[in-house]
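The values are calculated or read from the model by the stated rules, or taken from the named source; none is laboratory data. The shown structure was predicted, so the numbers you read here are calculated from the model rather than taken from an experiment. All Cβ positions, even for glycine, are placed from backbone atoms using ideal geometry, and neighbour counts span all protein chains on display.
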Amino acid sequence: MFVRKLPAIVLTAGLLVSLSACTGLFPETCTPTFASGSNSELVSAVGSFGKDPRATFPTPLISEAPEVSELTVGEGDVAGSGDIVDFQVTVLLGRTGEVITSSSYDETSPVRRTVNNGDPLGDMLACSSVGSRVAATSTFENIFPDTNPETSGAEADDTIVLVFDVQRVLPGRANGVDQLAPSGFPSIALAPNGQPGFTFASGDVPTESSFGVLKQGSGAVVEEGETAVIHVSGIVWDAATVAFSTWSTGAPINVAAADVADDPNGLPPGWADALIGQKVGSQIIATITPADGYAPGTAPTGVTETDTIVVVFDILGLL
């Protein structure tokens, strides 16, 4: 089957108790962003979790306001507001049942969104649990407001049906205990969502790399060679604006806890030193001088190999 790819979707097993649509299954202590409705309850899926859901529903299905129903209920962690959700998804056209697009269904390459961060996909998964399969319905323009519907053979007011398989839930920010900020670093102020802001005092640019702990987590220790999920913001020393930040997209990144000299997928040496040995839930600040920074030609936009940078990263989990 030919499946179109929507840029808005495609990015870089729990116990299932049912295979039919049902309502009222979200945890009582969590309030979903969107309620279940008569349209989302019409969707069923018989495929195995983590694979093509083989979704069906009566056509044409017409749904304007977003509706969300759990088709199967997992027993894993629940996605609360601000949490990160990794999932696979299939998107179908409501008037025909045609598959418009889908994610890879490769467990190592999920779609990643933040719950209640203004992204409809993330918002639809509020209160879902790991191992759950979730059906959602709404119009194309409600779900993909920044995507031209013509690229998918749809119209803006067409009903779209989504079937999500929730693979993983991670906290959206470091949840460790606050620590006294080390001297010699810029001051860090956190926005309500946890995004760091930088204020530099007067003084010379550091000549040696160093790091400190801003929040001390209590989770597993990051061992060399493991893959960590982090939120990170980086800024050139004494610059007015950040050079790169995962907070701007709401999607943390996976990084190899290794020196790039030892692993081509690893990090600059100063960054690797700051990450390896830390605990999940921690927030780390690191000053990285050019000697421990990016090799020529590898620095992100806005950074050169001669810049001293400061990074603040939250360690959210290990894969």
Worksheet item: Pick from D259, D307: which is over 29 Å from D86 (Cα atoms) and either touching a helix residue (DSSP H, G or I) at 6+ places or on another chain (Cβ under 9 Å) or not assigned by TED's automatic domain parsing to the domain that holds G122 (or both)?
Response: D307
Discussion item. If I ask for residues that are in a strand (DSSP E or B) and under 19 Å from the mean Cα position of the chain (by Cα), which ones from region 67-90 would you list?
Written reply: V78, I84, V85, D86, F87, Q88, V89, T90
Item to complete: Considering only region 28-56, state which residues are at positive phi and modelled with pLDDT of 95 or more.
Response: R54
Practice prompt. Go through G203, G250 for me and flag whichever is in contact with an Asp or Glu (Cβ under 7 Å, 6 or more places away or on another chain), at positive phi and part of a loop (DSSP other than H, G, I, E, B).
Written response: G250
Item to complete: Go over the candidates D146, D106 one by one and state the one that is under 19 Å from N254 (Cβ atoms) and assigned to a loop (DSSP other than H, G, I, E, B).
Response: D106
Discussion item. Let me spell it out: the conditions are (1) crowded, with 19+ Cβ neighbours inside 10 Å; (2) out of contact with any His (no Cβ under 6 Å at 6 or more places or on another chain); (3) within 19 Å of N175 (Cβ to Cβ), and G234 meets all of them except one. Which number is the exception?
Written reply: (3)
Worksheet item: Among G172, G122, which is in a loop (DSSP other than H, G, I, E, B), surrounded by 24 or more Cβ atoms within 10 Å (Cβ to Cβ) and touching a Ser or Thr at 6+ places or on another chain (Cβ under 7 Å)?
Response: G172
Fill in: Number of the condition not met by A191 [criteria: (1) at pLDDT below 95; (2) over 17 Å from S233 (Cβ atoms)]
(2)
Item to complete: Go through (1) over 13 Å from D314 (Cβ atoms); (2) in contact with a Gly (Cβ under 9 Å, 6 or more places away or on another chain) one by one and return the number of the condition W237 breaks.
Response: (2)
Worksheet item: Does region 242-257 include one or more residues that are surrounded by fewer than 20 Cβ atoms within 10 Å (Cβ to Cβ), at pLDDT 90 or above, more than 22 Å from G212 (Cβ to Cβ) and of a type outside the set (F, W, Y)?
Response: yes
